[in-house]
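Structure record follows, encoded as structure tokens.
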Amino acid sequence: MIKKLDHIGIAVKDMENGLNRWKALLNAADADIEEIPERGVRAAHLDIPGGGSVELVEPLTPDSPVAKFLETRGEGIHHVCFEVKDIEAAIKGLKENGVRFITEGPVCGAGGSRIIFAHPRDMGGVLVELKEKAKEISLRPE
Ligand code: ZN
């Protein structure tokens, strides 16, 4: 059900500082910073050579979940995201194993994807994001 590791989410207090650090490490070009008010964050993705990416998340408001994370745990790894083929099937499989989710069902993620977060209490303290990419529309006739 898991296709691959999609990205590692890292909570930062200051996006510009975070970008400078991670761009230097990954030798990455400038990243677009996207505001996601529904999640209370600004996010930027930096590609990792060979596959996957690093997602920097900075809180937009003091009451955002990422702000609370930074308050209690400081900067660092916030979540791990896996790409799945079928998000409903992945959710069902985990629920059958007693895993709860933060939201009732999948919500809209970047680039038309659908995402959901499994509860860290049921995943050994790790916040796990599942992501199903937007279906690619083929321009070639089948
Ligand atoms: Zn993420």
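The values are calculated or read from the model by the stated rules, or taken from the named source; none is laboratory data. The model shown is predicted, which means the values in this text are computed figures rather than measured ones. FYI the Cβ positions are ideal-geometry reconstructions off the backbone, even for glycines, and counts take in every protein chain you see. Calculation scope for accessible area: heavy atoms of the full protein, side chains included, ligands and nucleic acids excluded. Shrake-Rupley method; radii C 1.70, N 1.55, O 1.52, S 1.80 Å.
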(request) Output the number of the condition that GLY111 fails; it satisfies all remaining conditions of (1) away from the ligand (no atom under 13 Å from the Cβ); (2) free of Cβ contacts under 8 Å to residues at least 40 places away in the same chain; (3) loosely packed, with under 13 Cβ neighbours inside 10 Å. (result) (1)
(request) State all residues of the stretch 12-55 that are within 19 Å of VAL107 (Cβ to Cβ) and surrounded by 14 or more Cβ atoms within 10 Å (Cβ to Cβ); if no residue qualifies, say none. (result) ILE36, ARG39, GLY40, VAL41, ARG42, ALA43, HIS45, GLU55
(request) Among residues belonging to the stretch 1-52 that are within 16 Å of the ligand (Cβ to nearest atom), part of a loop (DSSP other than H, G, I, E, B) and not β-branched (Val, Ile, Thr), point out the one that is modelled with the highest pLDDT. (result) GLY52
(message) Condition check: at pLDDT 95 or above, over 19 Å from LEU130 (Cβ atoms) and within 14 Å of the ligand (Cβ to nearest atom). Does LEU56 satisfy that?
(response) yes
(message) Cβ-Cβ distance below 7 Å, separation of 6 or more or different chains: which pairs start in the stretch 36-53 with a residue that is at positive phi and end on one that is hydroxyl-bearing (Ser, Thr, Tyr)?
(response) GLY40/THR61; GLY40/SER64
(request) Please work out if GLU58 is acidic (Asp, Glu), open to solvent by 20 Å² or more (accessible area, probe 1.4 Å), within 17 Å of VAL126 (Cα to Cα) and in contact (Cβ under 8 Å) with a residue 40 or more places away in the chain. (result) no
(message) If I ask for residues that are within 14 Å of the ligand (Cβ to nearest atom) and either over 18 Å from HIS119 (Cβ atoms) or touching a residue at least 40 places away in the same chain (Cβ under 8 Å) (or both), which ones from the stretch 65-81 would you list?
(response) VAL66, PHE69, ILE77, HIS78, HIS79, VAL80, CYS81
